[in-house]
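Worksheet: the structure to be examined is printed underneath.
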Protein chains: 4
Amino acid sequence: MARPSGRQPDIPAQVSRRAAGVEPRRRRAPAMDKAERRRAILAAALTVFSDHGFAGARLDDVARHAGVAKGTLYLHFADKEALFRGLVEQDIAPVLADADAVVGLFPGSTRDLIDRLIVLITQRVMGTPAEALVRLMIAEGPRFPELAAFYHREVVSRGLAIVRKIAQRGLDRGEITSDLAVRFPQLVISPAIVAVIWNGMFGAFDPLDAKAFLAAHRDLLLRGLGWRDM
Amino acid sequence: MARPSGRQPDIPAQVSRRAAGVEPRRRRAPAMDKAERRRAILAAALTVFSDHGFAGARLDDVARHAGVAKGTLYLHFADKEALFRGLVEQDIAPVLADADAVVGLFPGSTRDLIDRLIVLITQRVMGTPAEALVRLMIAEGPRFPELAAFYHREVVSRGLAIVRKIAQRGLDRGEITSDLAVRFPQLVISPAIVAVIWNGMFGAFDPLDAKAFLAAHRDLLLRGLGWRDM
Amino acid sequence: MARPSGRQPDIPAQVSRRAAGVEPRRRRAPAMDKAERRRAILAAALTVFSDHGFAGARLDDVARHAGVAKGTLYLHFADKEALFRGLVEQDIAPVLADADAVVGLFPGSTRDLIDRLIVLITQRVMGTPAEALVRLMIAEGPRFPELAAFYHREVVSRGLAIVRKIAQRGLDRGEITSDLAVRFPQLVISPAIVAVIWNGMFGAFDPLDAKAFLAAHRDLLLRGLGWRDM
Amino acid sequence: MARPSGRQPDIPAQVSRRAAGVEPRRRRAPAMDKAERRRAILAAALTVFSDHGFAGARLDDVARHAGVAKGTLYLHFADKEALFRGLVEQDIAPVLADADAVVGLFPGSTRDLIDRLIVLITQRVMGTPAEALVRLMIAEGPRFPELAAFYHREVVSRGLAIVRKIAQRGLDRGEITSDLAVRFPQLVISPAIVAVIWNGMFGAFDPLDAKAFLAAHRDLLLRGLGWRDM
DNA sequence: TATGAATGAGACTTCATTCAT
DNA sequence: CATGAATGAAGTCTCATTCAT
């Protein structure tokens, strides 16, 4: 078992190790530019993280899903956490930017604006990577304070700001009378969050119709805020 | 997975509290019987799983928190997953049973009833192991479908039934006019869920005052449901 | 290749992975007390480090040489560097302590004392683990400043102190007249160091007879220091 | 740091680093012919190997230090070991050739000759790449038997031959009477070796004044060899 | 020829699980 | 029953080497 401990002039380990591999290498992936590859990795990461959570995810799986070698991941992301961060940075900002734009330009009533946003959310979040990402953030956020702070700064506070803007707009236009939505914008968002969580956990056997659910919320909310049609 | 059915007494006061009598001093095991030890393990597990998630939790830590040896865990639970299952299956009933009782017996207005429930939730959930458990279920549920189903059956559906009962009671008493809360009881619960999540993620630097938040929700909700004081 | 990325209620990775292993475990190593096992690990480490250097050594090999599992190493040493440190701490002190004792008690002439120490060195260092360790320290020391400092403090400075004591003793007894060995005790040690290095590098094809070499050094040294027989 | 966020193909680190020289870089290979490039690589290799040892050295670092791409290394050296070999085989001759010439031509006394050599060593070795090389050989030699043999043949034996020549010259001139330095020329070299090692390991906190140390050695040595002024 | 992104074997380390005491 | 040292599979990350450009 034990190599005799005498001084044997053996070949340096590092060198001899590699020399053993004789089979031909697998063909290298064909041209794919950096951004494309990065996207592929992020897509794979979303799948794997979403299936197993952060700690449970294996970078091996991410690499396989992305169709790259393990080492390649590290050419794009410093480590597992950076990969996670990249995910949040990529998939959520666009939706928020769009929502912000919609709110800024929307000409109609607050009710119609809310409807518009519900459509935006159901189409751009529910059933998309963004939804999985929200779920992932909720699940892993508490364990990654820095990531949670980043998410709060980049996503949550901006989302709530949009809500406040809408609510204030409604007040200004005399459509609603209560400022509760300005003071507690989270109330407006809560059902969407819960819908995401619900379908993630129970969707398989007791799905929640997000569209109808959010519409009901809209009615309840507007009435609660003193809605009067104008 | 099937928990032996049947009602468990509310916080079963442990059978015999080391009834006055001669304690036969064994050299080995300290004074802690099997059930007691099991509870200690589950309590430790809640802490550790809640802090690190399922995959991130170390049984070493659970054992240390519980004050037992690592091997001892395996005398009570087949493996890490069984421990997690035991955790969720254990401390679920009490709060719900209480809530159910309150609703059944409550004499006052629906508004007061809701207030009563808010107090119940803020006092019996927020800041207690139950809150950690909710958070844990949200985080890990998607990865444990059977457990999610169990949770849905034992907790969520019962909780929503209570909500429905309250809403129906309000309708019956003519206090509210909308049946939205009957059709989408999740709307009523959403802010509480979000409050738990919020404080878990952002509590450190942007805490949400759950009491005020839920009170605002109550006002919005009641008005939205057509509340009229009677 | 890629698992379908849909939400499959698959068994948590962590659990299923282990479940695959079905073969019977290797029998556990029979009783061996902690100290004994620690010694076995250190002996193995000396062999492996000595053969491959610090960076080139594989803990896998250390474990195999020691006849323990890889994880067991970490029950005794925090990491690879701690293992290295343990090596230095264990194998060198005894020789120094012995040398110190010899010098303190020796009754004869300085020449005889030096002869005695040459015997000590050739017998207790040359061809023993201590020799490999000295070689190892010389090779790796520059890369491990803390270890070098420790080595300097625990080994080198103590060794030089012994040399100084001998030289001073010779001066006091009127056997030698130069204080160069007090001022540069490293001069006295150098040939021993070089003998160790030499035989490590060239011993296989051009061995240096350490005994004769050190005896020559003794003669040269004593004459250089003004030796006069008394 | 404030790189404009435009869509400029971002500048490879490699190039930008070199940009220290202000002149605009041509797109392709700078004016550097094969031999020049090879020398640059070897110089870089000396630095890196010397800092980290063979196994610990990263070819990435070597490439960066040399200002070439990693792949380029392989156009000049078959693999890591070949690079190491090339390193040792390269810058060996000069110092020895010089030393040899000095000895052959020197007109003065042996004492003065030795002084001359001390100057040569302290100036041409200490603090130069050659010193790093000696240290490197000492550290890695045992792991590269062939290289050690080469080193022995090309450096050590030639160095010792020079020492023997000096000693014999002293005997012939009647300046010394002992032939110990002819029989054990390593004795003459030892302190220089130890000085190199010492300062490599302990130089940071307990530096050894090589000049004074070697002068003391010279005195001790000459007297030990029976020096008499003529 | 030079490049450097890609590769993948293999390093160190962790930790769920087992079992001799 | 309880213990905790031991196990070893599997994880993340590194880096010598290759090869399409």
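Right, C:GLN8: away from DNA strand E (no atom under 16 Å from the Cβ) and at pLDDT 75 or above or not?
No, not satisfied.
Identify, by number, the condition in (1) away from DNA strand E (no atom under 16 Å from the Cβ); (2) away from every other protein chain (no Cβ under 14 Å) that A:PHE77 doesn't meet. Failing condition for A:PHE77: (1). Applying the selection to region B:115-153, what residues are open to solvent by 50 Å² or more (accessible area, probe 1.4 Å), within 27 Å of B:ALA216 (Cβ to Cβ) and modelled with pLDDT of 85 or more? Residue satisfying the conditions is B:ARG135 alone. Can you say whether C:LEU187 is open to solvent by less than 20 Å² (accessible area, probe 1.4 Å), in the same structural domain as C:ILE121 (by TED's automatic domain parsing) and in a helix (DSSP H, G or I), as far as the supplied structure shows? Yes, satisfied. For region D:203-230, the candidate set comprises residues that are farther than 24 Å from C:VAL156 by Cα, open to solvent by less than 30 Å² (accessible area, probe 1.4 Å) and of a type outside the set (A, V, I, L, M); within that set, the residue that is nearest to the other protein chains (Cβ to nearest Cβ) is D:GLY224. Taken as a whole, the structure leaves A:SER190 outside the set of residues that are of a type outside the set (A, V, I, L, M) and touching a Gly at 6+ places or on another chain (Cβ under 6 Å).
Annotation note: Cβ proximity below 9 Å between a residue of region A:151-172 that is part of a helix (DSSP H, G or I) and a residue that is hydroxyl-bearing (Ser, Thr, Tyr) and at pLDDT 90 or above (sequence gap 6+ or interchain) occurs for A:ALA167/A:SER178; A:LEU171/A:THR177; A:LEU171/A:SER178. Can you find a residue in region A:94-107 that is free of Cβ contacts under 8 Å to residues at least 40 places away in the same chain, under 30 Å from A:LEU222 (Cβ atoms), outside any helix (DSSP H, G or I) and more than 14 Å from DNA strand E (Cβ to nearest atom)? Within region A:94-107, one or more residues are free of Cβ contacts under 8 Å to residues at least 40 places away in the same chain, under 30 Å from A:LEU222 (Cβ atoms), outside any helix (DSSP H, G or I) and more than 14 Å from DNA strand E (Cβ to nearest atom). State the number of residues belonging to region B:69-113 that are open to solvent by 20 Å² or more (accessible area, probe 1.4 Å), more than 19 Å from the chain's Cα centre (by Cα) and among the hydrophobic types (A, V, I, L, M, F, W, C). So the answer is 5.
A Cβ distance below 8 Å, combined with a sequence gap of six or more or placement on separate chains, defines the contacts here; from region B:121-145, residues that are within 14 Å of chain C (Cβ to nearest Cβ) reach residues that are among the acidic types (Asp, Glu) and part of a helix (DSSP H, G or I) in the pairs B:ALA139/A:GLU140; B:ARG143/A:ASP51; B:PHE144/B:GLU81.
Identify all residues within region A:36-74 that are facing another protein chain (nearest Cβ under 9 Å) and near DNA strand E (Cβ under 8 Å from one of its atoms); write none if there are none. Of everything in region A:36-74, just one residue is facing another protein chain (nearest Cβ under 9 Å) and near DNA strand E (Cβ under 8 Å from one of its atoms), namely A:GLY67.
Checking the structure you have, find out if any residue of region B:164-176 is surrounded by fewer than 17 Cβ atoms within 10 Å (Cβ to Cβ) and within 11 Å of another protein chain (Cβ to nearest Cβ). No, region B:164-176 contains no residue that is surrounded by fewer than 17 Cβ atoms within 10 Å (Cβ to Cβ) and within 11 Å of another protein chain (Cβ to nearest Cβ).
Can you tell me how many residues in region B:42-60 are assigned to a helix (DSSP H, G or I), free of Cβ contacts under 8 Å to residues at least 60 places away in the same chain and under 24 Å from A:LEU136 (Cβ atoms)? Final tally of qualifying residues: 6.
Can you pull out every residue in region C:80-93 that is away from DNA strand E (no atom under 11 Å from the Cβ) and of a type in the set (Asp, Glu)? It would help to see each step written out before you state the result.
We begin by selecting, within region C:80-93, every residue away from DNA strand E (no atom under 11 Å from the Cβ); these are C:85-93.
Selection gives C:GLU89, C:ASP91.
Has region A:112-130 got at least one residue that is in the same structural domain as A:VAL196 (by TED's automatic domain parsing), farther than 30 Å from A:ILE176 by Cα and not small (Gly, Ala, Ser)? Yes - at least one qualifying residue is present in region A:112-130.
Here are A:ILE162, A:ILE176, A:ILE197, A:ILE193: which of them is in contact with a Phe, Trp or Tyr (Cβ under 7 Å, 6 or more places away or on another chain), in the same structural domain as A:PRO107 (by TED's automatic domain parsing) and of a type in the set (Val, Ile, Thr)? When all the criteria are applied, what remains is A:ILE176.
The values are calculated or read from the model by the stated rules, or taken from the named source; none is laboratory data. Remember, predicted model here, so these are calculated numbers, not experimental data. Using ideal geometry, Cβ is built from the backbone for each residue, glycine included, and neighbour counts are taken over all protein chains shown. For the accessible areas, the whole protein counts, side chains as well, though only heavy atoms, and no ligand, DNA or RNA atoms are used. Shrake-Rupley method; radii C 1.70, N 1.55, O 1.52, S 1.80 Å.
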